[in-house]
Each structure stands twice: as C-alpha cells, then as structure tokens.
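Let me begin by presenting the structure, written as structure tokens, before commenting on it.
Please treat every number below as a calculation from the coordinates, not as lab data. In this text the structure is predicted, and so the values were computed from the model without any measurement. Cβ coordinates were reconstructed from backbone atoms using ideal geometry, including for glycine residues, and neighbour counts include every protein chain displayed.
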Amino acid sequence: MKRLLPLIMIISLAAFTSFFSGCSSKRVHKPHKTKYTSEARHKATMRSYKVRGKKYNPTYVSVGQVQKGISSWYGPNFHGKRTSNGEVYNMHARTAAHKTWPMDTMVKVRNLQNGRSTTVRINDRGPFVRGRIIDCSYKAGKEIGLDRMGIAKVSIEVLGFAGKIQSKASTAKAKTRVKLSNFGVQVGAFKRYAGAQIYKKKHASFYPGYKTIVKKFADVDGSGEPLYRVWLMGFGSEDEARDFKNSHDLAGAFIVRN
C-alpha cells in the first residue's frame, strides 16, 4: 500500500534531477509551479531518493508515454494525510502515486483485465512494492474495479501536465518542432536474428515513444558470425539516454550513438 514522503525527507535526499525524453518525437514537459504544487515541491520531488534501500530517480515524461504493470489502491488509512506534493490526501478525488513521474502529471489508467479506465493526477510517490507502477486513490481505483480485485494489470498513459489534459492538436504541433537525435540505449545483443526481433518487439511495446531497431555487426568476436544488437533510439542527448537507462531496470544496458 502507500508510503507517504514528508517534505523534510524529500528535501534531505541527494540532489539529482533527471532529464530524459519520454518520447523520441514529443516534447518533454518540465514541471513548474501549479495550483496544486509549489515550485519548491516540484524541485524536491524530482530529486533521487531511497526507500528500503532502493534508489529511485524521478524522470520527466512526454504526452503519449505508456507504461505497463500492476496497479493497487489506497484509501481510509491515508485519508487526510499529506502527500508528497504537499496536498492533503483525499480518497474521494481522482489522484494517484507514481515512483518517478512528475507531480500533477495527468495519467489515463486502463485496467487490462476488464477494460475499464479512469484519469488521475499524480500527487504522491509510491507504491514501493515490486512490480507495482501506480497506486490509485480509492475513487479512481473503484472506477476501474480495484476495490474488488485489490490489484490488477494496467497500462498507464501520460495525457498532460499541471493538472490539465493536453489536446491532440497541441501534441501534434509539438511533434513537428522536435527533431530525433542519434543517442540511444542498447538493451540486448543476440547471435540469432530471430532472438533480436523478439526482443525488439517486446521493448517496442514497453517503450512505444522510442524507435526500437536491430543493428547488425559483423564478426565482433572473431567467430565469423554477426551479432544483432537491439537499440532504443531517439533521446535528445547523451544525458537523457543515461537518465533513462538509470531509471529503468535494464540489466547490461549502455549508451550508444547511431
């Protein structure tokens, strides 16, 4: 369930701000003061922090970014307590907790087990349970059936920022102004092309905002056989690619340039 991070704990954490683009062809939104969250709180909640010995690196996101995993919900035990952005938690409002996405990001949560969906605003950190990607408020959780199921497989998609849903028109306009870069992250390497293709499809579904490609390298180990490398491309800089790699559980991944 929910672990709330008080301001004094957040501010004392090591200062590390991640700058990564959640989508290769979309504009990254960097949070600022909103009617919900002060500028100081935004800066504090974008710093890296540790919970139970595990480090989390908050990251910037883009409209259209999608993540899949498990959703849980939290309610009466936390009603009236402070959330990470300084608000008083209201179990009857459509809000949620996410470990790394910015405060006030608007997110569509879709229950993949029954097809029901809801829209929430992130105002807290968590859930700090392996495999869970979002903790919905009681109201939002009930709308997608979590009050009966407890937890469920979901997909979450960024819809907007500062508590507002971004229009499709403004998203399309932003796409035309942002250029693709040649920085990427290698997520796998295979002797067999078929294996690389399977891995490519898997990561393309996990990170649809990036371009997933297979690169062929000839005789890299002296065996005379080629090696097929799977790359996620489209980061705005080497720093953005590095922040992405550090913020995701990608064993053996490293930065590449096409």
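Assorted remarks:
- Coil-residue trypsin sites (Lys or Arg not before Pro) of the range 37-116, DSSP, other Cβ within 10 Å capped at 16: R52, K81, R116
- Bins of 5 Å from zero: percent of alpha-carbon pairs in the range 43-197: 2, 9, 16, 19, 18, 15, 10, 7, 3, 1, 0, 0
- Nonlocal amide H pairs with Y60, under 5 Å, H built at 1.01 Å: F20
- Net +/- balance of residues flanking I255 in space, Cβ distance below 15 Å, scoring K and R +1, D and E -1: +1
- Counted by neighbouring Cβ atoms within 10 Å, the residues S137, S84 run from fewest to most as S84, S137.
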